[in-house]
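As structure tokens, the structure follows; a few thoughts come after it.
The values are calculated or read from the model by the stated rules, or taken from the named source; none is laboratory data. Bear in mind that the values here come from a model prediction, so they are computed numbers and not experimental data. Glycine gets a Cβ as well: all are built from the backbone with ideal geometry, and neighbour counts include every protein chain shown. Ligands, DNA and RNA are excluded from the accessible area calculation, which covers all protein heavy atoms including side chains. Shrake-Rupley method; radii C 1.70, N 1.55, O 1.52, S 1.80 Å.
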Amino acid sequence: MEVNIQMDISIKDMMDCIVNPVKNQIVLAIQAKGECTAKDLLSLQYDIPQATLYRTLNRLVESGVIKIVEEKKVRAVTEKVYALNESFLNVNQSVIEQNDGEAYFKLFTNFLIVLMKEFQNYAEKSSINIVEDGSGFSATPIYATVEEMLDIGNKFKEIIAPYQTRNASVEEQKMHILATIITPPNDKKI
């Protein structure tokens, strides 16, 4: 079955935005505000150097993750206004609507590969402290209906929402990637 996803962004670029801390911060900030200028992003993201921000914005535009929705002349400078590209926002929904198992598995595989690379980069550092760094993973079996799973997902979103933006007054905060995987139901009776 051929995947018919109308998008101008690769799955690799999409997944990179999930695990790359700088790209993730920028995407989350733009998603929260709807539209942002580089100046807006600098005021929201205290730990991204200005040169890194501009370089990353250019890469995100090139990959199709974000788009320039407006250019304003501010004194002698042209200020760009950025927004998320609709194809970035809708790629998972397209796969779901098409109910395409092959495309769904490819998305999942890329998701895992990118996470594995993050863990590899961390594990290869000369000085890690798994406990103090706040790293870990776990799997817990649960019994739930589809409606209950949706309820759990909504509650989970509410819990993590306050932590998706850096609090400038808490210097110890570091970005972590919190990934969730909900496996398909297991029909075995246990």
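Full-extension gain between residue 147 and residue 178, please, as 0.36 nm times their residue separation minus the C-alpha to C-alpha distance.
That works out to 8.9 nm of additional length.
Using a 1.4 Å probe and ignoring any ligands, DNA or RNA, find the accessible area of residue 155 and quote it in Å² to the nearest 10.
The accessible area comes out at roughly 110 Å².
Probe radius 1.4 Å, ligands and nucleic acids left out: which of 78, 183 has the largest accessible area, and how do the rest follow?
The ordering from most to least exposed comes out as 183, 78.
With unit charges on the beta carbon (Lys/Arg positive, Asp/Glu negative), name the residue among 29, 113, 161 whose Cα is farthest towards the positive pole of the charge dipole of the chain.
Working it through, the farthest residue towards the positive pole turns out to be 29.
Using only Cα atoms, figure out Rg for region 97-190 and give it as a multiple of 2.2 N^0.38 Å.
Region 97-190 yields a ratio of 1.37.
Based on a Kirkwood Rh over C-alpha pairs, give the Stokes-Einstein translational diffusion coefficient of region 145-190 at 4 °C and viscosity 1.567 mPa s in µm²/s.
96 µm²/s
Mind checking the per residue accessible area of the chain for me, 1.4 Å probe, whole number of Å²?
Roughly 74 Å² per residue, with all protein chains present.
Taking amide H positions as placed 1.01 Å from N in the peptide plane, with prolines and chain starts having none, which residues 5 or more places from residue 37, or on another chain, fall under 5 Å of its amide H?
Residues meeting the amide H criterion: 82.
Under 8 Å for C-alpha pairs, at least 6 residues apart: give me the relative contact order for region 52-190, rounded to a whole percent.
Relative CO of region 52-190 lands at 9 percent.
With the cut-off at 1.5 for a/c, could you classify region 39-131 from its C-alpha gyration tensor as rounded, prolate or oblate?
oblate
Under a straight-distance cross-link criterion of Cα-Cα below 20 Å, which lysines are reachable from residue 106, leaving out those fewer than 8 residues away in the same chain?
Of all the lysines, those that pass the test against residue 106 - Cα under 20 Å, at least 8 places apart if same chain - are 12, 117.
Using a 1.4 Å probe on the protein chains only, how many percent of the accessible area of the chain belongs to carbon and sulfur?
Answer for the chain: carbon and sulfur cover 54 percent of the accessible area.
Would you mind working out the magnitude of the charge dipole of the chain relative to its Cα centre, with +1 at each Lys and Arg C-beta and -1 at each Asp and Glu C-beta, to the nearest 20 Debye?
It comes to approximately 520 debye.
Rounded to two decimal places and with Rh computed the Kirkwood way over Cα pairs, what is Rg over Rh for the chain?
Rounded to two decimals, Rg over Rh is 0.99.
Return the lysines within reach of residue 155: Cα separation strictly under 27 angstrom, same-chain partners fewer than 8 residues apart disregarded; answer none if there are no such residues.
Within the straight-line limit of under 27 Å, residue 155 reaches these lysines: 23, 33, 174.
Just report the Cα centroid separation between region 150-178 and region 27-64, whole Å.
Between the Cα centre of region 150-178 and that of region 27-64, the gap is 19 Å.
Pop out the ³J(HN,Hα) list for region 145-162 in order, Karplus 6.51 cos²θ - 1.76 cosθ + 1.60 with θ = phi - 60°, rounded to Hz; leave Gly and Pro as x.
Here the 3J(HN,Hα) series is 7, 4, 5, 5, 5, 4, 4, 4, x, 5, 5, 4, 4, 5, 5, 8, 3, x Hz.
Once you order the gyration tensor axes a ≥ b ≥ c over the Cα atoms, which shape class does region 82-143 get: rounded for a/c under 1.5, otherwise prolate or oblate by comparing a/b with b/c?
prolate
Dipole of region 16-115, Cα-centred, from +1 at each Lys and Arg C-beta and -1 at each Asp and Glu C-beta, to the nearest 20 debye?
500 debye
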